[in-house]
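Student: I have a structure I would like to understand better, so I am pasting it below and will then ask my questions one at a time.
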Amino acid sequence: MKKRYMMLICIILLLWSGCIPQSQVGHLVDMKSEETDKYVTIQWEGRVYVPYCVISKGDMGKQIGIVDGDKNDRVYEYKGYSSEEWIISMYHSGEMDNPMLMKEQSVTDIPEGLQTEYD
């Protein structure tokens with residue numbers, strides 16, 4: 001009986017671990033930030049991302065990273081777009097969580113309907 005009980009617990013734990021979102025168990029990239037005169041950029045794998053505009057939380061894909069080792073400073077995919085060109089940055093403070101769409105600085109192909117809030 002004790003053996004069956006332990007097997008049941010193991011099966012439940014295995015099934016439960018499959019329900020945890022990938023962003024909580026997978027590898028998150030530790031990206032770096034750099035402050036300029038105008039804004040803060042995110043640097044990742046030789047690319048520099050600059051703020052573009054505030055975006056809806058509904059446009060956020062899975063979490064792919066954190067910034068400067070801060071687990072509250074999170075980076076997400078922009079649904080439907082390559083993370084080599086677009087990412088979403090959001091600092092989870094519990095107060096105002098405003099996702100910021102960030103564009104890799106060399107990108108010139110802008111999705112329809114988006115307009116930058118920066119120079």
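The values are calculated or read from the model by the stated rules, or taken from the named source; none is laboratory data. In this text, all values refer to a predicted model and were calculated from it rather than measured experimentally. Virtual Cβ from ideal backbone geometry, glycine too; neighbours counted across all protein chains shown. Heads up: the accessible areas ignore ligands, DNA and RNA and are worked out on the full protein's heavy atoms, side chains in. Shrake-Rupley method; radii C 1.70, N 1.55, O 1.52, S 1.80 Å.
Student: Considering only residues that are out of contact with any Lys or Arg (no Cβ under 8 Å at 6 or more places or on another chain), closer than 10 Å to residue 53 by Cα and either open to solvent by 90 Å² or more (accessible area, probe 1.4 Å) or of a type outside the set (Lys, Arg) (or both), which ones fall in region 99-115?
Tutor: 100, 101, 102, 114, 115 - these are the residues of region 99-115 that are out of contact with any Lys or Arg (no Cβ under 8 Å at 6 or more places or on another chain), closer than 10 Å to residue 53 by Cα and either open to solvent by 90 Å² or more (accessible area, probe 1.4 Å) or of a type outside the set (Lys, Arg) (or both).
Student: Picking from 90, 31, which residue would you name as being in contact (Cβ under 8 Å) with a residue 40 or more places away in the chain, open to solvent by less than 80 Å² (accessible area, probe 1.4 Å) and in a strand (DSSP E or B)?
Tutor: 31
Student: Here is a follow-up. Report every pair of residues separated by at least 6 positions or lying on different chains whose Cβ atoms are under 9 Å apart, first residue within region 42-64 and in contact (Cβ under 8 Å) with a residue 12 or more places away in the chain and of a type in the set (S, T, N, Q), second open to solvent by less than 30 Å² (accessible area, probe 1.4 Å) and not in a helix (DSSP H, G or I).
Tutor: As it stands, the answer is 43/31; 43/49; 56/99; 63/26; 63/75; 63/76, since those pairs meet every condition given.
Student: For region 72-119, give me each residue that is charged (D, E, K, R), under 12 Å from the mean Cα position of the chain (by Cα) and more than 17 Å from residue 34 (Cα to Cα). Walk me through it before giving the result.
Tutor: Filtering region 72-119 for residues charged (D, E, K, R) gives 73-74, 77, 79, 84-85, 95, 97, 103-104, 109, 112, 117, 119.
Now drop any that are not under 12 Å from the mean Cα position of the chain (by Cα), which leaves 73-74, 77, 79.
Matches in region 72-119: 77, 79.
Student: From 52, 76, which residue is modelled with pLDDT of 95 or more, open to solvent by less than 50 Å² (accessible area, probe 1.4 Å) and either farther than 21 Å from residue 28 by Cα or part of a loop (DSSP other than H, G, I, E, B) (or both)?
Tutor: Working: 76 fails: either farther than 21 Å from residue 28 by Cα or part of a loop (DSSP other than H, G, I, E, B) (or both).
Residue meeting the stated conditions: 52.
Student: Hey, can you tell me all the residues within region 79-119 that are touching a Pro at 6+ places or on another chain (Cβ under 9 Å) and under 17 Å from residue 56 (Cβ atoms)?
Tutor: 80, 81, 86, 88, 89, 90, 100, 101, 102, 103, 116, 117
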